[in-house]
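Scroll down for the structure; my scribbles are underneath it.
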Amino acid sequence: MIDGFLALYIFMLAAFTGKEIIGRVPVILHTPLMSGSNFVHGIVLVGAMIALAHAESPLAIAIGFIGVVLGAGNAAGGYVVTERMLEMFKSSKDEKKG
């Protein structure tokens, strides 16, 4: 039972720390930060796929599948958001060319 509380404590500490760090990032740095976080989301997705491949019980398989689906959506959504943010930085000259 202690392991569950320790995992919950680490998760809550990581969530709070992440919120504090991301909340203090200047607006101009959001695009590079999103690109870097997309890389991390890809690693999380690979980890979820490996965990799913080693799952043995139906509950572990269901949780692993949900993890893979959410990880894939998170990674894909991050690239979509990054692309939209990069579109905001294009000048009107670039839009007339293409």
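The residues of the stretch 19-46 that are among the basic types (Lys, Arg) and in a helix (DSSP H, G or I) amount to a single one, Lys19. On the given criteria, is Met49 in contact (Cβ under 8 Å) with a residue 40 or more places away in the chain, assigned to a helix (DSSP H, G or I) and either among the acidic types (Asp, Glu) or touching a helix residue (DSSP H, G or I) at 6+ places or on another chain (Cβ under 6 Å) (or both)? Judged against the criteria, Met49 is not a match.
Total residues in the stretch 1-33 satisfying the condition of being surrounded by 10 or more Cβ atoms within 10 Å (Cβ to Cβ), of a type in the set (Val, Ile, Thr) and at pLDDT below 80: the figure is 4.
Scanning the stretch 58-84 for residues that are open to solvent by less than 40 Å² (accessible area, probe 1.4 Å) and closer than 14 Å to Pro32 by Cα gives Gly78, Thr82.
The values are calculated or read from the model by the stated rules, or taken from the named source; none is laboratory data. These numbers were taken from a predicted model, which means no experiment stands behind them. Glycine also receives a Cβ, built like all others from the backbone with ideal geometry; neighbour counts cover every protein chain displayed. Please note that ligands, DNA and RNA were not included when accessible areas were found on the heavy atoms of the full protein model with its side chains. Shrake-Rupley method; radii C 1.70, N 1.55, O 1.52, S 1.80 Å.
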